[in-house]
Structures are given as C-alpha cells and as structure tokens.
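Here is the structure we will look at, set down as structure tokens.
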Amino acid sequence: MSDLFSDLNNDPLELIQDVYLLRGFTDYHKLSTDIESVIKQAPFRFMYTPGGKRLNISMSNCGDLGWISETSGYHYVKHDPTSHRPWPGMPAKFRLLAKQAAAITGFNNFSPNACLINHYQQGQQLAAHQDKNEPDLTQPIVSVSLGMSARFQIYGDTRHNKPQEIELYDGDVLIWGRSARLIYHGVKTNCAIPHPELGLHRINLTFRKV
Ligand code: MD3
Ligand code: FE
C-alpha cells in the first residue's frame with residue numbers, strides 16, 4: 001500500500017506562504033470504496049449552528065474524533081450524535097494519503113485522528129471562516145477534493161479582503177500550516193464542472209490532528 005500515492009504528483013505549488021497544492025495527487029476512484037463504507041455507517045447530515053441556522057453543506061466524519069456543530073457550539077466528539085455510535089474508523093488509505101501529502105510539504109510527523117467529510121451539491125457554498133477548534137495549531141490541515149470542481153477562496157487574515165480564487169478538481173490536495181493555519185477561506189460551487197462518476201456532487205476530506 002505504501003506506493004498507492006507516491007507515484008503521483010510529488011511537486012507541490014505554493015499558492016501563498018504555507019499553503020501548498022498537489023494537483024491530481026489522488027482521485028475519487030481510489031477512495032470510493034472507503035468513502036462509501038464510511039458514509040453507510042455515518043450518513044451525511046445537515047448540522048445546525050449555535051445561532052440555529054442550518055449549515056449549507058451536509059457532513060460526516062471518520063476517525064477517533066468528529067467535528068460537529070450544534071446549538072451549544074462547535075466541538076470534536078468521539079460519537080456520532082445521530083447514531084450514538086463511535087465514528088467509523090479512519091481507513092488506512094485515508095491516513096496514508098494525508099501523511100504522504102503532509103510529508104511532501106515538510107510536515108513530517110502528521111498523524112491525523114479526525115477526518116471531516118463535507119458533501120456539496122451544485123450551488124451549495126461554505127462561507128468565509130477560520131478553522132480554530134483544533135488545540136495544536138502547529139499541526140497542518142490536509143484537504144482532499146473529490147468529484148465536481150469547486151472554486152476555493154482564500155481571504156487571508158480577515159474575511160473582508162477580496163479573496164484569491166482557485167479552481168479545485170477531483171484528486172487535488174491542499175496542505176495548510178504554519179503562518180497560513182488560521183487564514184479565512186471559503187468554497188463556491190455555482191460554476192462547478194460535473195465529475196464522470198460523482199456528477200454534480202463534491203466530497204471534501206479534511207484531515208486534522210485534534
Ligand atoms: C485553510 N472545507 O471543512 S478545504 C472545512 O472544500 C473547509 O470543504 C473546505 O474549509 C471544503 O473547514 C475547504 C481546505 C481547507 C481546510 C482547512 C483549512 C483550508 C483551510 C484550515 C485553515 C486554513
Ligand atoms: Fe475550513
């Protein structure tokens with residue numbers, strides 16, 4: 001299994017300081033069996049913000065801890081609040097993918113224990129936000145884009161900047177750390193291009209150390 005991803009793109013593009021893009025590092029086909037297994041155990045669901053609004057995209061998790069939003073706040077929890085069971089385990093292939101992508105960009109001991117899985121349908125967006133619920137901000141976040149394309153928006157240190165935009169396609173992997181760890185970012189899918197297998201669905205895996 002150690003060569004599942006290593007023959008692919010080992011040449012990251014540094015988009016802005018400490019944000020790296022590996023185009024086509026993997027693809028949906030390599031991960032589909034594991035994704036289907038996780039989603040069968042913990043189906044995508046819409047969560048609610050502390051303010052009572054439904055999030056725009058549906059989500060699930062795998063790994064020892066899963067990120068949830070609920071009226072009491074944002075938390076990492078060991079159990080799926082819908083089924084009351086532990087989140088599905090993180091598939092070995094997912095862990096290897098995240099570790100290899102991190103190592104290529106100089107994060108040598110990344111060992112994620114949480115994977116948030118976002119599901120987008122065309123037109124669904126993720127508004128500008130920071131990821132700051134993780135205790136150790138020296139650890140990077142690795143994100144894997146699968147399925148239909150999306151426009152990723154990098155705002156920088158406030159959500160009021162005009163964002164830098166970049167189109168992400170099936171198999172693209174982003175690695176964020178160090179000075180970029182707390183930047184504001186968002187996602188738009190109104191101009192998405194369909195994927196041969198997933199059609200107008202996008203799945204994004206974000207690997208985190210919590
Ligand atoms: C920049 N997901 O789940 S992944 C998220 O495509 C999230 O579903 C988006 O933002 C998606 O929180 C974008 C890229 C990403 C993930 C984490 C980051 C960018 C990040 C953490 C810090 C800075
Ligand atoms: Fe985020």
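The values are calculated or read from the model by the stated rules, or taken from the named source; none is laboratory data. Bear in mind the structure is a predicted one, so any value in this text is a computation, not a measurement. Glycine gets a Cβ as well: all are built from the backbone with ideal geometry, and neighbour counts include every protein chain shown. Ligands, DNA and RNA are stripped out before the accessible areas are found, and what is left, the full protein with its side chains, is counted by its heavy atoms. Shrake-Rupley method; radii C 1.70, N 1.55, O 1.52, S 1.80 Å.
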Worksheet entry | Residue satisfying all of: in region 63-80; surrounded by 14 or more Cβ atoms within 10 Å (Cβ to Cβ) and among the small types (Gly, Ala, Ser); farthest from the chain's Cα centre (by Cα) among these | SER69
Worksheet, complete the sentence: Going through (1) out of contact with any strand residue (DSSP E or B) (no Cβ under 6 Å at 6 or more places or on another chain); (2) under 19 Å from SER37 (Cα atoms) one by one, SER111 fails only at (2)
Discussion item. Looking at the structure I just gave you, is THR138 closer than 20 Å to ILE183 by Cα, open to solvent by less than 60 Å² (accessible area, probe 1.4 Å) and more than 13 Å from ligand 2 (Cβ to nearest atom)?
Written reply: no
Worksheet item: Just a yes or no: is a residue in region 33-54 surrounded by 20 or more Cβ atoms within 10 Å (Cβ to Cβ), over 26 Å from PRO163 (Cα atoms) and not aliphatic (A, V, I, L, M)?
Response: no
Worksheet item: For region 122-210, which strands (runs of 3 or more DSSP E) that fit wholly inside it have 1 or more residues that are at pLDDT 95 or above, touching a helix residue (DSSP H, G or I) at 6+ places or on another chain (Cβ under 7 Å) and of a type in the set (Phe, Trp, Tyr)?
Response: 201-208
Item to complete: Determine, yes or no, whether SER143 is within 16 Å of ligand 2 (Cβ to nearest atom), polar (S, T, N, Q) and open to solvent by less than 50 Å² (accessible area, probe 1.4 Å).
Response: yes
Worksheet item: Out of (1) more than 14 Å from ligand 1 (Cβ to nearest atom); (2) crowded, with 19+ Cβ neighbours inside 10 Å, the odd one out for ASN113 is which?
Response: (2)
Practice prompt. Residues being open to solvent by 50 Å² or more (accessible area, probe 1.4 Å), charged (D, E, K, R) and within 14 Å of ligand 2 (Cβ to nearest atom): count how many of those fall in region 153-193.
Written response: 2
Worksheet entry | Within region 148-171, tally of residues that are touching a Lys or Arg at 6+ places or on another chain (Cβ under 7 Å), closer than 22 Å to ILE39 by Cβ and within 11 Å of ligand 1 (Cβ to nearest atom) | 1
Discussion item. Among the residues that make up region 131-139, is at least one of them within 22 Å of ARG54 (Cβ to Cβ), in contact with a Pro (Cβ under 7 Å, 6 or more places away or on another chain) and within 13 Å of ligand 1 (Cβ to nearest atom)?
Written reply: no
Response to the item:
Flagged pairs (Cβ under 8 angstrom, 6 or more apart or on separate chains; first in region 73-92, of a type in the set (A, V, I, L, M); second open to solvent by 40 Å² or more (accessible area, probe 1.4 Å)) are MET90/ASP64; ALA92/MET1
Worksheet, complete the sentence: Listed by first then second residue, the pairs whose first member lies in region 14-32 and is at positive phi, whose partner is aliphatic (A, V, I, L, M), with beta carbons under 8 Å and at least 6 positions apart or on separate chains, are ASP18/ALA180; GLY24/LEU8
